[in-house]
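To keep things clear, I will list the structure first and then write my remarks on it.
The values are calculated or read from the model by the stated rules, or taken from the named source; none is laboratory data. In this text, all values refer to a predicted model and were calculated from it rather than measured experimentally. Reconstructed Cβ throughout: ideal geometry from the backbone, glycine too, with neighbour counts over all protein chains shown. Note: accessible area is taken over every heavy atom of the protein model, side chains too, but ligands, DNA and RNA are not part of it. Shrake-Rupley method; radii C 1.70, N 1.55, O 1.52, S 1.80 Å.
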4 protein chains.
Amino acid sequence: MMKMKIALVGISGYGGMVLYQMLQHHSQVTQIELYGHQQTVPTPLSQVVPLFVGDHTHQVLPYDSSKIMAHNDAVFFATSAGVTSQLAAPFIAHHFPVIDLSGDYRLKQPATYEKWYHKPAAKLADLQMAHYGLAELNDARHQSYIANPGCYATATLLGLAPLIQDHLVDVDSIIVDAKSGTSGAGKTPSAMAHFTQVNDNLQLYKVNEHKHIPEIVQQLQQWDSTVSAIQFSTTLLPITRGILATIYVKATPTTTATMVDHVFQTTYANQPFVRYTGQQMPTIKQVVGTNYCDLGVIYNEATHTIMVASVIDNLVKGAGGQAIQNFNQMNGFDEADGLPTDVLLP
Amino acid sequence: MMKMKIALVGISGYGGMVLYQMLQHHSQVTQIELYGHQQTVPTPLSQVVPLFVGDHTHQVLPYDSSKIMAHNDAVFFATSAGVTSQLAAPFIAHHFPVIDLSGDYRLKQPATYEKWYHKPAAKLADLQMAHYGLAELNDARHQSYIANPGCYATATLLGLAPLIQDHLVDVDSIIVDAKSGTSGAGKTPSAMAHFTQVNDNLQLYKVNEHKHIPEIVQQLQQWDSTVSAIQFSTTLLPITRGILATIYVKATPTTTATMVDHVFQTTYANQPFVRYTGQQMPTIKQVVGTNYCDLGVIYNEATHTIMVASVIDNLVKGAGGQAIQNFNQMNGFDEADGLPTDVLLP
Amino acid sequence: MMKMKIALVGISGYGGMVLYQMLQHHSQVTQIELYGHQQTVPTPLSQVVPLFVGDHTHQVLPYDSSKIMAHNDAVFFATSAGVTSQLAAPFIAHHFPVIDLSGDYRLKQPATYEKWYHKPAAKLADLQMAHYGLAELNDARHQSYIANPGCYATATLLGLAPLIQDHLVDVDSIIVDAKSGTSGAGKTPSAMAHFTQVNDNLQLYKVNEHKHIPEIVQQLQQWDSTVSAIQFSTTLLPITRGILATIYVKATPTTTATMVDHVFQTTYANQPFVRYTGQQMPTIKQVVGTNYCDLGVIYNEATHTIMVASVIDNLVKGAGGQAIQNFNQMNGFDEADGLPTDVLLP
Amino acid sequence: MMKMKIALVGISGYGGMVLYQMLQHHSQVTQIELYGHQQTVPTPLSQVVPLFVGDHTHQVLPYDSSKIMAHNDAVFFATSAGVTSQLAAPFIAHHFPVIDLSGDYRLKQPATYEKWYHKPAAKLADLQMAHYGLAELNDARHQSYIANPGCYATATLLGLAPLIQDHLVDVDSIIVDAKSGTSGAGKTPSAMAHFTQVNDNLQLYKVNEHKHIPEIVQQLQQWDSTVSAIQFSTTLLPITRGILATIYVKATPTTTATMVDHVFQTTYANQPFVRYTGQQMPTIKQVVGTNYCDLGVIYNEATHTIMVASVIDNLVKGAGGQAIQNFNQMNGFDEADGLPTDVLLP
């Protein structure tokens, strides 16, 4: 097991920033090179990301795929959807390990990508080759091309997996009421993310149109091919970090509360980053800053409805943290290496 | 139509404070007396409620039912559940008009009250006599004893009414994911409402156990007797005022998007305080400070699920505002008299 | 005393929106016409300002000075600095009453304007003619051209006036640590006002460079010609509405706490919108939604420093509210007509 | 240099929680024992502090000074003022190393303590022996009894030190306008820290009466004995973590901007946790989660006033972080061992 040199493309977005912080704590990473496809000359990191005010060590280098491959052992893309698939092609061609945080390689069918993203898809062969890195459920060992799941998809799929895999629920009844902090909406100022608009407010957006819907359905179908569609809403919260996905699904007539409890217990028994707390509902705060996904579940006898509350930090478990978890699996490293478990108190 | 003198019992809670502000703008109210059952001597209002820093006109008087009846034409109770039913009995005995903002008179069956409130119920006869004042749908004309609906119940019932009354949906599929600001949790400091705990957080609470559930079910059953139970979750938001109830319900096979749109249009066509905005999702911010309930509705062809987003200001439409609306109906006043329509900008 | 028709130019900014709401409650205003210099055709108000979702009465008309003068009795400009002075010239030429909320007419010297605003100034004659409408201290009776003070200037000047007018303090020791909510920064999305940047943060900005500094100094000099400069800092708060100006100034050796208390008492004894609360420190919350300026004052024996805490709602007392107060003074109306006094609870 | 076993008394408060997290990352700490003086039996940590939901390793043990000394090499007290001095006496008697985060050992004179804390003081001999651990300026090497500075005191003193030590300013002109998030006010619910009261608000509190004033003055006097008093205000912010101390002080006639810049550069040239950014004003956000104190300084030629903006995370640099920094100095460890430098993004 060798130590590794890592390139990170796309440091200026929130996902890239957080990923960079975590990689610095990884025991097997000896060097981190930062690249930006908007830089034309090497630029001090603290100039690109003012919050890294004291970081005088690193520079952001102009994007150069040959140089990345010459200097490094793997590359993380924290670039936008539509950009990554253009940048990543030479790496795939040279069999160079890629972990992509954008949505460009998550969907297996180009037509599905184009329908939901309104952009040209990557090549079918590349899409088929990519591994959908839902870390607890799809092992990335020996994979080279990781499509890191979306933040909403991660919270939703970890909440639904035990129920769908074990066929305990009516697959036509899945409803996800997902809420996210504003860091999920990115760094570019907009009317919707203006402080004055977000503060003291809730905003529903992209109802039934969010890009994470097709990757959720695609993964659910791998667990139960009879899944056809889900009801999925997203609400913008007046907080910075964190997602709560509140999931509702009808139990099948034979499903009992005990069965539900048991399947959550067993599915995640050996997973260090999923904490199932039974009927104790998790809060967003208890995972912010960490790679945990916390799950609480309540079975309502009166309505035969199972409610799952799934919380994650969208920038860690929902982005860079899961990316490192996949990186660890790919390389046979300790699954927790580099991953934060200290919650932001209080 | 005569001008009226009003007594308000319970000014120290948020509901009472806001009600008091609105009553001052009512064209038919010539006098407001404030009473508190915790006061033993008349106390300046600005001492009881520091935010009324400049109000040197009013005093809060020790509670005295005889005095209230002698001086006034009607009484509003903004007291807590369990307290009102003890205070209100003499008024009912004397046929004196009462508008109660607590939950004490909302449920028709004492056993149901006791199950959900864990307190002794009011007398059956009084419960039966009380009018459930969901203002747009139950006209309060000629009523004398108004049980003003709960805040969550108001948002939920106005969102569900058109669908249930017209039998467009599967009544066993009702799911309400309701979110509220902290003013709904009252003025008493608590660990759950401590700033440090609420800020940057979401907290699910009282899942399937909220006191507003039985009044919602009771009202739904009046519209469709086959309703038996609803799935109902409540989440505490890091905002002060406002509720968003996101409601999910399965359409019956014959229901179309056009039918759904039509029934919302017609149900609220002549209601000044319900604004139906079609597929445009309302935000909490657009109703804060007003008596409006804004409704947006999206029918999802893929899942046959109708999503209704219902927003209100919990302290106006969800409390004192609807109380005044009922007061206006009782007395034949203009329905909008005293009710705010200016949203808090921006 | 005649009823009046009013034109409002600039409804799309926060100041204009709030002004419009208040004008609708003014007993002497019979008609409000809205104009926008960006509109080319009449546009429904609810389209220009989505928060006015239910306002189907008003349209925003393309700007036309002749039409405004033909249809109305006075015009309010809620346009940006640099824009108003271009728009207002024909009104001044025709002796048509103008109330300007921008900074274009506040400074008496064109050179001062150009130094601080980095824009061409209005004509010297127009600047000299304008009345600086600090309503409690400069009576607007018989004035026709009102330069409405800036929000920070209003909070600061009302806090300093008693001390400077009565020469109780060292004029070289004035320090203002002013804090404002984001509505003061306007509606245009920016990196500094992005929710993610504002939330959980404080940002100092424009230290010693804020445009409101010269109008404060100019007014202070009218009260005491020996004032030469002030120390003035501005901090952006994670709240929407409200300003707290914390003012520090050294007492002269002969000044006592009693004298300080007395001069605040007397200066504002008959002012309905300034509430002096002695050593009780005001909070921002107690004025949000109102036209009040609340003042608390503490004299520190150990340091001979007087601290004044001055709070206002920047969009009411700091903008549209004071503009209406000036309008009332100009026309001999009741000073409180149209002005809100109900605080946003809780 | 030996590895150490550590006892931490007082895990249930915010300061103790954060200290515990950091100690777990310290390379020289091999064991952490948690004690609570309210526990009567060993209690799982996740029960005492629900946010440590996944920590099944540690228990909180009933307080027992003999056991602490038998098992450990040093003790941290994160208990309240008034409590620590009662608990710490046996440790001092046995020459056992103590680091106290409360205010009980900060002031050298019992009378001063009793005036500001309204509680009985520790013994004079113990007060005299304690080392005031302002880490950058008072080296803790070979010290055994550390009085860890208050959060406001840390931000203020680091901002003032260069100016006072080098006699560049008028010592009678010091004004500190300090603002803090609510975590500084502790975990106990209160009316002042209720979400509804804090949100959308600023609250001045304890003006000229804050307990950190005497420790600031005491330290300033060690640098310049002519200091007699400071003007010091505290404002509660609607944020959880972080302090901004805005400091104003008059320059002496001979002081120039260059001299000011130079003295800040040199004072902190070799300090890893103080970052001086010249005229670039620091934000609270850029230090949250870290042990940094960031300083920006602007000299105003017009008023001869120097403004220093000093930001810290009140729970790290203002509490547990500085405590570990002192612990590192005491024991000759790397000054940065265990201390976080990753800012909470974004």
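Restricting attention to the stretch D:64-80, report how many residues are in contact (Cβ under 8 Å) with a residue 40 or more places away in the chain and buried (at least 19 other Cβ atoms within 10 Å of the Cβ).
Within the stretch D:64-80, residues that are in contact (Cβ under 8 Å) with a residue 40 or more places away in the chain and buried (at least 19 other Cβ atoms within 10 Å of the Cβ) number 8.
Looking at this structure, is residue D:95 open to solvent by 40 Å² or more (accessible area, probe 1.4 Å) and either outside the structural domain of residue D:196 (by TED's automatic domain parsing) or without any contact (Cβ under 8 Å) to a residue 24 or more places away in the chain (or both)?
So residue D:95 fits the description; yes.
Does the stretch C:139-174 hold any residues that are without any contact (Cβ under 8 Å) to a residue 60 or more places away in the chain and more than 10 Å from the chain's Cα centre (by Cα), and which are they?
Correct list: C:145, C:171, C:172.
So which residues in the stretch A:329-339 are surrounded by fewer than 21 Cβ atoms within 10 Å (Cβ to Cβ) and not hydrophobic (A, V, I, L, M, F, W, C), if there are any at all?
Once the filter is applied, which keeps residues that are surrounded by fewer than 21 Cβ atoms within 10 Å (Cβ to Cβ) and not hydrophobic (A, V, I, L, M, F, W, C), the stretch A:329-339 yields A:329, A:331, A:332, A:334, A:335, A:337.
If you scan the stretch D:1-36, which residues turn out to be free of Cβ contacts under 8 Å to residues at least 40 places away in the same chain, of a type outside the set (A, V, I, L, M, F, W, C) and out of contact with any Gly (no Cβ under 9 Å at 6 or more places or on another chain)?
Correct list: D:3, D:30, D:33.
How many residues are out of contact with any Ser or Thr (no Cβ under 8 Å at 6 or more places or on another chain), among the hydroxyl-bearing types (Ser, Thr, Tyr) and not in a loop (DSSP other than H, G, I, E, B) when one looks only at the stretch A:194-237?
Number of matching residues: 0.
Within the bounds of the stretch B:203-224, is there any residue that is open to solvent by less than 10 Å² (accessible area, probe 1.4 Å), modelled with pLDDT of 95 or more and at the interface with another protein chain (Cβ under 9 Å from one of its Cβ atoms)?
No, the stretch B:203-224 contains no residue that is open to solvent by less than 10 Å² (accessible area, probe 1.4 Å), modelled with pLDDT of 95 or more and at the interface with another protein chain (Cβ under 9 Å from one of its Cβ atoms).
Report every pair of residues separated by at least 6 positions or lying on different chains whose Cβ atoms are under 7 Å apart, first residue within the stretch D:106-123 and assigned by TED's automatic domain parsing to the domain that holds residue D:80, second surrounded by fewer than 13 Cβ atoms within 10 Å (Cβ to Cβ) and not in a helix (DSSP H, G or I).
Close Cβ pairs (under 7 Å, with a partner that is surrounded by fewer than 13 Cβ atoms within 10 Å (Cβ to Cβ) and not in a helix (DSSP H, G or I)) amount to D:114/D:120.
For the stretch D:152-187, name all the residues that are within 14 Å of another protein chain (Cβ to nearest Cβ), open to solvent by 10 Å² or more (accessible area, probe 1.4 Å) and either touching a Gly at 6+ places or on another chain (Cβ under 8 Å) or on the phi > 0 side of the Ramachandran plot (or both).
The answer is D:184, D:186, D:187.
What number of residues in the stretch D:225-234 are of a type in the set (Val, Ile, Thr) and crowded, with 23+ Cβ neighbours inside 10 Å?
The qualifying residues number 2.
Evaluate the following for residue C:240: is it of a type in the set (Val, Ile, Thr), open to solvent by less than 40 Å² (accessible area, probe 1.4 Å) and either within 19 Å of the chain's Cα centre (by Cα) or more than 20 Å from residue C:314 (Cα to Cα) (or both)?
Against the criterion (of a type in the set (Val, Ile, Thr), open to solvent by less than 40 Å² (accessible area, probe 1.4 Å) and either within 19 Å of the chain's Cα centre (by Cα) or more than 20 Å from residue C:314 (Cα to Cα) (or both)), residue C:240 qualifies.
Has the stretch D:37-56 got at least one residue that is charged (D, E, K, R), open to solvent by 30 Å² or more (accessible area, probe 1.4 Å) and free of Cβ contacts under 8 Å to residues at least 12 places away in the same chain?
Within the stretch D:37-56 (the criterion being charged (D, E, K, R), open to solvent by 30 Å² or more (accessible area, probe 1.4 Å) and free of Cβ contacts under 8 Å to residues at least 12 places away in the same chain), the answer is no, since none of the residues qualifies.
Quick check on my filter: what residues within the stretch B:274-325 are more than 10 Å from chain A (Cβ to nearest Cβ), assigned to a helix (DSSP H, G or I) and either surrounded by fewer than 24 Cβ atoms within 10 Å (Cβ to Cβ) or among the basic types (Lys, Arg) (or both)?
Hit for the stretch B:274-325 is B:317, nothing else.
Could you tell me which of the residues C:46, C:85 is closer than 20 Å to residue C:319 by Cβ, modelled with pLDDT under 95 and assigned to a helix (DSSP H, G or I)?
Unique residue meeting the criteria: C:85.
Using the structure shown, decide if residue A:196 is crowded, with 19+ Cβ neighbours inside 10 Å, touching a Pro at 6+ places or on another chain (Cβ under 6 Å) and of a type in the set (Ser, Thr, Tyr).
Considered against the rule, which asks whether it is crowded, with 19+ Cβ neighbours inside 10 Å, touching a Pro at 6+ places or on another chain (Cβ under 6 Å) and of a type in the set (Ser, Thr, Tyr), residue A:196 comes out as yes.
Every residue in the stretch B:244-266 that is open to solvent by less than 40 Å² (accessible area, probe 1.4 Å) and either more than 9 Å from every other protein chain (Cβ to nearest Cβ) or of a type in the set (Ser, Thr, Tyr) (or both), please.
The answer is B:245, B:246, B:247, B:248, B:249, B:251, B:252, B:255, B:260, B:263, B:264.
Name the one entry in B:87, B:101 that is crowded, with 19+ Cβ neighbours inside 10 Å and within 30 Å of residue C:290 (Cα to Cα).
B:101
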